[in-house]
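The values are calculated or read from the model by the stated rules, or taken from the named source; none is laboratory data. If you're wondering where the values come from, they're calculated on a predicted model, not measured in any experiment. Neighbour counts run over all protein chains shown; Cβ positions are idealised from the backbone, glycine included.
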Amino acid sequence: MSHIPITINKKPKFSKMDVPSDFSIKKETEGEVPPIIKISHFNVHAGSTGILKDINLKIPKGKITVLLGPSGCGKTTLLKCLNRLSDLHPSLKVDGQITIDGEDIFHPNQDLTRIRQKMGLLSQRPFPLPMSIYKNIAYGLKIKGIRDKKLIRDRVEKHLRDVGLWEEVKDRLHTPAARLSIGQQQRLCLARGLAVDPEIILADEPTSALDPISSRKIEEEFLRLKQDYTLIVVTHILRQAKRLADHIVFMYFGEIIEQGTPDEIFNHPKSEILKQYLESGH
Amino acid sequence: MQKRKLLEERFFLWLMRVVAVSIILVFLFIMGIIIQKGFRAMSWEMISQEPKGGFYFGKGGGILNAIVGSLYLAGGSTFCAFLLGLPVALGMNVHWVTKTRFVGTIRFLLDALWGVPSIVFGAFGFALMAYLQIRASLLAGIITVTLFIVPIFIRAFDEVLRTVPQGLMEAAYSLGANRTQIAFIVFFRQALPGFITAILLAFGRGIGDAASVLFTAGYTDHIPQSVQDPTATLPLAIFFQLSSPIPEVKARAYAAALILTAIILIISVISRLSTRKFKKNIL
């Protein structure tokens, strides 16, 4: 049922007719790197409204993939489906397939803890756990069953250094994380996510609550992290997409309109919607 | 137009001031009477001795039996309410958070129970005692008061748990925590001040209620030695003394009321101070 390519569009003024429907899948850039995540014929409904419609996407490994699009186009929903946080919203009905490293994440016997630990999540606003800076990072390690105190201490330091926070907090590791500035909290959350050894980092508009300097720090971290991790970054900021992306997926009203390299998206947009979005963009 | 808005603003500001002040005045008035009348009848004997023969006719002794009985009763039932209520409150907000209708039903039922007058719980406890074949005792009192304060505890704690941001839950899930870890590590810590408030509220209701213990806890002049002994309670001590025609006994009722108020005050202050230490971690 969901295999029919989208032709029903309630907003006729945006036509995709000038774009071949599956042009992106044949892009040569995708051939180079094996995909770590494969999404096929993926739909999400809330009641009768479709939030995501027939999403087909391959996320290349070791790159930064940016999900670009206006607010409310389903970027965040897609991101949250990847680590099955969608389960927390019983009104969301999901069908289709998402595989990570070839594993179907919606398989009924899937071990959710393991799937979620493969991915670190960075949300729009930082949510440090209600405990000290040190424990925030140690907590993920403890969940993984690491008990060795010295190992934990080393890992906490390593991950705080990874996000450039160590020098700022090394003298107050045991003070509450809630006392950090919001930019520091966001980097702490990134470090906390790295501590569980993920392969993928999901970032949902991670800089939207931050000032320009903190945002820049997060972006610099991302560029450094892509050597070891696959990053998926949701944003509606064009310049951020330009700075970060290896691969851009442009979404609009629950559909993937276009995808490609930053050069293709910014300099040679094919669809009308994307052209309009780029023109009105900031 | 501008003038009307200004007038409106001023009217409501004054309305709030008047209401706030009148509430404070009522509180001060009640406290004033209790303190004024209570202090006059207060003596070391009142809080250090069990009633002697003829206490209720104006002879010597004190109400230590009721003080200790009330503390046992309220302490015991608050502890039971905590044991029963904590899993329910956390479950409603973590484990069953996706089952909105189920949780909504529980909330509705608990709210309904909250509104049931305590004398009904007393009657229910009495029926339960007859069924279980236990006589009026500390145990029966604790069971009844627990039933009576459990909905209060759960709903008070639940309201605070509901304010824990969704993002915090998602963050904890994405670290790979399971639901029970999230409930006890994240939600419990984050809602700790609310938890203390809920405990206090339950304790306050438990220690101050007369109707639910009227049939179930009995009354005695001695401090209970086991849960099977009947026990005196402060609200009933106040009630019995107030209904006496003898002025000295009546006066002592105010001293008992003062003691009851002081106990609640001391416990709230201690627990407030102890939460301050934990509050710092909260987002």
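Condition first: in contact with a Ser or Thr (Cβ under 7 Å, 6 or more places away or on another chain) and at the interface with chain B (Cβ under 9 Å from one of its Cβ atoms). Now tell me which residues in the range A:127-143 satisfy that. Residue satisfying the conditions is A:Ser132 alone.
Residues checked against (1) within 14 Å of chain A (Cβ to nearest Cβ); (2) under 14 Å from B:Gly62 (Cα atoms); (3) surrounded by 18 or more Cβ atoms within 10 Å (Cβ to Cβ):
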position	(1), (2), (3)
B:Pro245	no, no, no
B:Ala257	no, yes, yes
B:Ile266	no, no, no
B:Ile270	no, no, no
B:Ile282	yes, no, no
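Taking the range A:76-119 as the range and being at the interface with chain B (Cβ under 7 Å from one of its Cβ atoms) and either in contact with a Leu (Cβ under 6 Å, 6 or more places away or on another chain) or part of a strand (DSSP E or B) (or both) as the test, only A:Met119 passes. For the range A:165-195, residues that are away from chain B (no Cβ under 11 Å) and polar (S, T, N, Q) total 3. I'm told B:Arg179 meets every condition in (1) touching a helix residue (DSSP H, G or I) at 6+ places or on another chain (Cβ under 6 Å); (2) surrounded by 19 or more Cβ atoms within 10 Å (Cβ to Cβ) except one. Can you identify the failing condition by its number? Exception for B:Arg179: condition (2). Given the criteria in a loop (DSSP other than H, G, I, E, B) and under 27 Å from A:Asp101 (Cα atoms), does A:Gln259 qualify? Against the criterion (in a loop (DSSP other than H, G, I, E, B) and under 27 Å from A:Asp101 (Cα atoms)), A:Gln259 does not qualify. Of all residues in the range B:199-217, none are at pLDDT 90 or above and within 14 Å of chain A (Cβ to nearest Cβ). Screening B:Ala136, B:Ala130 for residues that are modelled with pLDDT under 95, not in a helix (DSSP H, G or I) and not acidic (Asp, Glu) leaves exactly one candidate, B:Ala136. Screening the candidates B:Arg205, B:Arg189 for the property of being in contact with a Pro (Cβ under 7 Å, 6 or more places away or on another chain), of a type outside the set (A, V, I, L, M) and closer than 23 Å to B:Ala156 by Cβ yields one hit, B:Arg189.
Scanning the range A:147-161 for residues that are more than 20 Å from A:Leu225 (Cβ to Cβ) and either assigned to a helix (DSSP H, G or I) or within 12 Å of another protein chain (Cβ to nearest Cβ) (or both) gives A:Lys149, A:Lys150, A:Leu151, A:Ile152, A:Arg153. Restricting B:Pro151, B:Pro165 to those that are closer than 22 Å to B:Val103 by Cβ and surrounded by fewer than 19 Cβ atoms within 10 Å (Cβ to Cβ) reduces the list to B:Pro165. Pick from the range B:138-176 the residues that are farther than 30 Å from B:Pro235 by Cα and among the charged types (D, E, K, R): which of them is nearest to the other protein chains (Cβ to nearest Cβ)? The selected residue is B:Glu170. Looking across the range A:78-113, the residues that are out of contact with any helix residue (DSSP H, G or I) (no Cβ under 7 Å at 6 or more places or on another chain), within 20 Å of A:Glu255 (Cα to Cα) and not aliphatic (A, V, I, L, M) come down to A:Cys81, A:Ser91, A:Lys93, A:Asp95, A:Gly96, A:Gln97, A:Thr99. Answer with yes or no whether B:Gln133 is within 14 Å of another protein chain (Cβ to nearest Cβ), over 20 Å from the mean Cα position of the chain (by Cα) and surrounded by fewer than 22 Cβ atoms within 10 Å (Cβ to Cβ). Judged against the criteria, B:Gln133 is not a match. Restricting B:Phe184, B:Phe124, B:Phe108 to those that are surrounded by fewer than 23 Cβ atoms within 10 Å (Cβ to Cβ) and within 13 Å of another protein chain (Cβ to nearest Cβ) reduces the list to B:Phe184. Return a yes/no flag: does the range B:139-148 have any residue that is on the phi > 0 side of the Ramachandran plot and either surrounded by fewer than 17 Cβ atoms within 10 Å (Cβ to Cβ) or not aromatic (Phe, Trp, Tyr) (or both). Looking for residues that are on the phi > 0 side of the Ramachandran plot and either surrounded by fewer than 17 Cβ atoms within 10 Å (Cβ to Cβ) or not aromatic (Phe, Trp, Tyr) (or both), one finds none in the range B:139-148, hence no. A count restricted to the range B:25-46 and to residues that are surrounded by fewer than 16 Cβ atoms within 10 Å (Cβ to Cβ) and part of a helix (DSSP H, G or I) stands at 14. For the range B:86-95, filtered to residues that are surrounded by 20 or more Cβ atoms within 10 Å (Cβ to Cβ) and over 19 Å from the mean Cα position of the chain (by Cα), the residue that is farthest from B:Asn178 (Cα to Cα) is B:Met92. So which residues in the range B:55-96 are within 14 Å of another protein chain (Cβ to nearest Cβ) and in contact with a Leu (Cβ under 7 Å, 6 or more places away or on another chain)? Across the range B:55-96, the qualifying residue is only B:Asn93.
So that you can scan it fast, the table gives a plain yes or no per residue for (1) closer than 30 Å to B:Ile266 by Cβ; (2) assigned by TED's automatic domain parsing to the domain that holds B:Lys250; (3) without any contact (Cβ under 8 Å) to a residue 24 or more places away in the chain; (4) surrounded by fewer than 17 Cβ atoms within 10 Å (Cβ to Cβ):
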| site | (1), (2), (3), (4) |
| --- | --- |
| B:Glu9 | no, no, yes, yes |
| B:Gly62 | yes, yes, yes, no |
| B:Gly69 | yes, yes, no, no |
| B:Thr78 | yes, yes, no, no |
| B:Leu84 | yes, yes, no, yes |
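Residues considered: B:Phe184, B:Phe108, B:Phe157. Of these, the only one that is out of contact with any Ser or Thr (no Cβ under 7 Å at 6 or more places or on another chain), on the phi < 0 side of the Ramachandran plot, without any contact (Cβ under 8 Å) to a residue 12 or more places away in the chain and assigned by TED's automatic domain parsing to the domain that holds B:Ser271 is B:Phe108.
Of the helices (runs of 4 or more DSSP H) contained entirely in the range A:162-238, those carrying at least 3 residues that are within 23 Å of A:Arg114 (Cα to Cα) and out of contact with any strand residue (DSSP E or B) (no Cβ under 6 Å at 6 or more places or on another chain) fall at A:182-195.
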